[in-house]
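What follows is a single structure, written as structure tokens, with notes after it.
The values are calculated or read from the model by the stated rules, or taken from the named source; none is laboratory data. All values derive from a computational prediction rather than experimental measurement. So basically every Cβ, Gly included, is an ideal-geometry build from the backbone, and we count neighbours across all protein chains shown. We work out accessible area using only protein heavy atoms, side chains counted, and drop any ligands, DNA or RNA first. Shrake-Rupley method; radii C 1.70, N 1.55, O 1.52, S 1.80 Å.
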Amino acid sequence: MDVDAMIDNEKIIVCCGSGGVGKTTIAAALALRAAERGRQVVVLTIDPARRLAQSMGLTELDNTPREVAGVDRSAGGRLDAMMLDMKRTFDEIVLAHTTPERAQQLLDNPFYQSLSSSFAGTQEYMAMEKLGQLDATGNWDLIVVDTPPTRSALDFLDAPSRLGAFLDGRLLRLLLAPAKTGGKMYLKVVGVGLGMFAKVLTKIVGAQLLADVSQFVAALETMFGGFRQRAEQTYQLLGAPGTSFVVVAAPEAAALREASYFVDRLDADGMPLAGLVINRVHPTSAGARGLTAERSLAAAETLTEHEEHPLVAAVLRVHAERMRISAREERLRERFTSAHPDTPVAEVDALAGDVHDLAGLRDVGAALVREGVLGRVG
């Protein structure tokens, strides 16, 4: 896993992992390092938390790429950052792919307004759409995607198939039938089966909502084919040469179990995995390893019993705890690498504080390419 080669040559890097492991920080650090090595980079976060904006010194992020100030541009690079606004992205699709009259009808539809802002799965669909839009512009050499936390981070890989299942579903066809007959017949009998269905559904959701859904489906019908096609194209782009997935985890059992899931899922889908980044590692120096946790605690107990050197005793106890943490992290890493021996691993040491500026991101980027840290483990 050569991080610099990856950020120098790839077109898309997708960072995924569970929540609370520093995935956003790793994505931002990769993007910043690529920009300062001379590439035109945009980093897109799908995570609703605003940590990316804070780490880059921006007051806010929205659906429009914004240049990050303070980036060293001496090599000719540039860094932009943005956060997915799924409703605005959906609105942009509507405006771009239908007539102004039909677009306004759709934008004013109550069901559309609910779907575009909060409906399950919409975020993943829009993430796929936005990634495709950014790639199509040709404005950037590299797109870094910071996905949502937990396993839902890979839901956008399912967007084309889930969208296709929705479009081909029986419920959608039943809802669309009344609209095709004029839109006013959603309460009339269109065949015995559809009539009974409409009556039952009307009792459950109400006549007005059923009318809104019917009109929504009719207005959006002509757009769905193009949306599905673009989503499938983006899916193919993710699996093509020029794309790399980076899985981020903390040296903790739960986070590494999630990382194992990501690695297996990416392998099953044939997606190109660059490797695993284990963030916030607590290493021990070669000299310190001679003083084991057991010896440290024994020495601390002896000093305490004789009421001597309390500060030294406290330091010994801290060292013992650090050695225990390091040993536990080493065991967890070995367990992962035993299950995934072909997955390259990088480690980033735990920092004294949170990363909240470009200087901190540069330190993380430098740690990612430190000699002896990157490479195959196990």
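Below are the figures for this structure:
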{"read-out": "Hits in segment 46-56 (condition: outside any helix (DSSP H, G or I) and either open to solvent by 30 Å² or more (accessible area, probe 1.4 Å) or at pLDDT 85 or above (or both))", "value": "Pro48, Ala49, Arg50"}
{"read-out": "All positions within segment 298-323 that are crowded, with 17+ Cβ neighbours inside 10 Å, within 46 Å of the chain's Cα centre (by Cα) and more than 25 Å from Asp349 (Cα to Cα)", "value": "Ala300, Ala313"}
{"read-out": "For Leu273: the one exception among (1) in contact (Cβ under 8 Å) with a residue 60 or more places away in the chain; (2) of a type outside the set (Ser, Thr, Tyr); (3) open to solvent by less than 30 Å² (accessible area, probe 1.4 Å); (4) out of contact with any Cys (no Cβ under 7 Å at 6 or more places or on another chain)", "value": "(3)"}
{"read-out": "Which numbered condition Arg280 fails, given (1) over 26 Å from Glu258 (Cα atoms); (2) of a type outside the set (A, V, I, L, M); (3) buried (at least 17 other Cβ atoms within 10 Å of the Cβ)", "value": "(1)"}
{"read-out": "Condition broken by Glu60, with the remaining ones in (1) of a type in the set (Asp, Glu); (2) modelled with pLDDT under 75; (3) surrounded by fewer than 17 Cβ atoms within 10 Å (Cβ to Cβ); (4) in a helix (DSSP H, G or I) satisfied", "value": "(4)"}
{"read-out": "Residue satisfying condition, being modelled with pLDDT under 80 and within 30 Å of Ala339 (Cβ to Cβ), within set Ala268, Ala259, Ala288", "value": "Ala288"}
{"read-out": "Scope segment 334-363; condition open to solvent by 40 Å² or more (accessible area, probe 1.4 Å) and charged (D, E, K, R); matching residues", "value": "Glu334, Arg335, Asp342, Asp349, Asp354, Asp357, Arg362, Asp363"}
{"read-out": "Members of segment 5-45 found to be open to solvent by less than 30 Å² (accessible area, probe 1.4 Å) and β-branched (Val, Ile, Thr), listed by number", "value": "Ile7, Ile12, Ile13, Val14, Val21, Thr24, Ile26, Val41, Val42, Val43, Thr45"}
{"read-out": "Qualifying residue in segment 247-266 (condition: open to solvent by 30 Å² or more (accessible area, probe 1.4 Å), touching a residue at least 60 places away in the same chain (Cβ under 8 Å), over 16 Å from Leu332 (Cβ atoms) and out of contact with any strand residue (DSSP E or B) (no Cβ under 8 Å at 6 or more places or on another chain))", "value": "yes"}
